[in-house]
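The values are calculated or read from the model by the stated rules, or taken from the named source; none is laboratory data. This structure is a prediction, so every number in the text was calculated from the model and none was measured. Using ideal geometry, Cβ is built from the backbone for each residue, glycine included, and neighbour counts are taken over all protein chains shown.
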Amino acid sequence: METIIEKIDPVHPDFAIMGQAGEILRRGGLVAFPTETVYGLGGDALNPEASEKIYKAKGRPSDNPLIVHIADREALEGIVKEIPAKALALAEAFWPGPLTMIFEKNGRVPLATTGGLDTVAVRMPGHAAARELIRRSTGYIAAPSANVSGRPSPTKAVHVIEDLNGRVEMILDGGAVGIGLESTIVDFTGQTPMILRPGYISGGMMERVIGPVCMDRGLMAEDSSVRPKAPGMKYRHYAPKAELTIVEGEENRVVETVNGWIREKEALGLRCGVIATDETAGLYRAETVMSMGSREDEESIARHLFDVLRRFDFLDVACIYSESFHTPRMGQAIMNRLLKAAGHRVIRV
Ligand code: AMP
Ligand code: MG
């Protein structure tokens with residue numbers, strides 16, 4: 001299929017283009033679009049055939065449910081059985097924004113959208129063009145990240161084009177996204193609200209609004225005997241082609257050790273890359289050193305992670321060493337993605 005690619009202003013998207021995109025969605029087609037977290041691959045959430053097309057375009061396992069995107073609170077009432085008071089409080093505090101909540105679904109949401117579950121994940125994005133697109137659709141857009149399953153999530157339109165050109169009707173190019181990591185997911189179907197995927201909205205931010213929130217144990221287990229509750233979190237994800245190793249320890253020691261490994265690898269004719277920060281990038285003796293931004297600015301680190309991982313795939317490197325990023329607020333979210341990308345390969349020095 002020929003994919004239509006259109007540039008849009010992320011704040012004031014072109015009226016005619018958004019109308020065309022909305023029409024594609026209403027007819028059951030697929031449109032990739034920017035949100036504040038990552039680019040989404042959208043289809044009509046109420047149309048099982050559209051959801052099936054999303055799974056096919058991404059090569060996504062069909063037991064991995066999709067997040068339904070809405071533009072207003074009334075839309076939430078239309079697809080869930082009930083809205084717990086704490087969920088309502090979080091919606092007040094963080095919607096529109098990078099927070100996804102899990103509810104018991106009603107009969108309007110097809111099982112094809114929820115991967116066979118009787119719960120549904122819902123998010124109200126804050127991105128102006130995303131909201132406009134939702135309004136032009138049936139009001140419900142199922143949208144996983146717009147990457148081929150297993151690859152890093154797209155934070156720029158070129159990433160979407162790399163993965164999905166020819167597989168979707170339309171790609172809306174609204175420039176680089178603001179946050180760069182997928183939404184925080186919190187589940188309201190158990191006793192205590194539970195974080196199933198860490199993101200920009202931290203546990204602490206939610207606890208200030210609703211009291212205790214717990215973390216899914218399956219997320220942290222390194223060799224997981226405990227299964228994550230979000231089906232998608234159990235899959236291998238984000239891995240670059242080169243072998244990625246996270247190196248933890250005191251800064252000087254990490255730099256010195258990594259430089260030693262690089263010398264050893266180069267003696268064997270192997271090229272290496274390093275993922276560093278603005279503060280340390282100049283200290284490594286690798287062919288390619290990519291900075292995630294300043295350690296003082298954790299939002300920059302989050303925003304650059306997926307782009308850096310993707311850029312390494314265009315380079316001829318056999319191994320990548322990465323610093324770790326246990327930053328104060330988003331550290332959990334950043335390290336969750338980086339650990340997955342590294343297949344949990346961590347060396348402490
Ligand atoms: P993505 O769309 O790529 O951001 O992935 C969506 C994530 O949300 C995946 O990890 C899914 O497993 C998770 N998810 C979506 N719906 C549900 C649900 N009803 N219950 C638990 N996890 C969900
Ligand atoms: Mg994804």
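What to note about this one:
- Of 162, 92, all but one fail to be surrounded by fewer than 16 Cβ atoms within 10 Å (Cβ to Cβ), under 23 Å from residue 36 (Cβ atoms) and either modelled with pLDDT of 95 or more or away from ligand 2 (no atom under 16 Å from the Cβ) (or both); the exception is 92.
- Residue in region 13-26 that is more than 16 Å from ligand 1 (Cβ to nearest atom) and not in a helix (DSSP H, G or I) present: yes
- Where residue 152 falls short, out of the listed (1) crowded, with 24+ Cβ neighbours inside 10 Å; (2) more than 16 Å from ligand 2 (Cβ to nearest atom); (3) part of a loop (DSSP other than H, G, I, E, B); (4) not small (Gly, Ala, Ser): (2)
- Looking across region 44-80 at every residue that is among the acidic types (Asp, Glu) and either part of a helix (DSSP H, G or I) or touching a strand residue (DSSP E or B) at 6+ places or on another chain (Cβ under 9 Å) (or both), the one that is surrounded by the fewest Cβ atoms within 10 Å (Cβ to Cβ) is identified as 74.
- Residue list for region 105-118, filter: surrounded by 15 or more Cβ atoms within 10 Å (Cβ to Cβ) and either in contact with a Leu (Cβ under 8 Å, 6 or more places away or on another chain) or not small (Gly, Ala, Ser) (or both): 105, 109, 110, 113, 114, 115, 117
- Scanning region 295-328 for residues being closer than 29 Å to residue 204 by Cα and surrounded by 15 or more Cβ atoms within 10 Å (Cβ to Cβ) gives a total of 18.
- Residue count for region 291-326, restricted to those that are aliphatic (A, V, I, L, M), under 15 Å from residue 238 (Cβ atoms) and outside any helix (DSSP H, G or I): 2.
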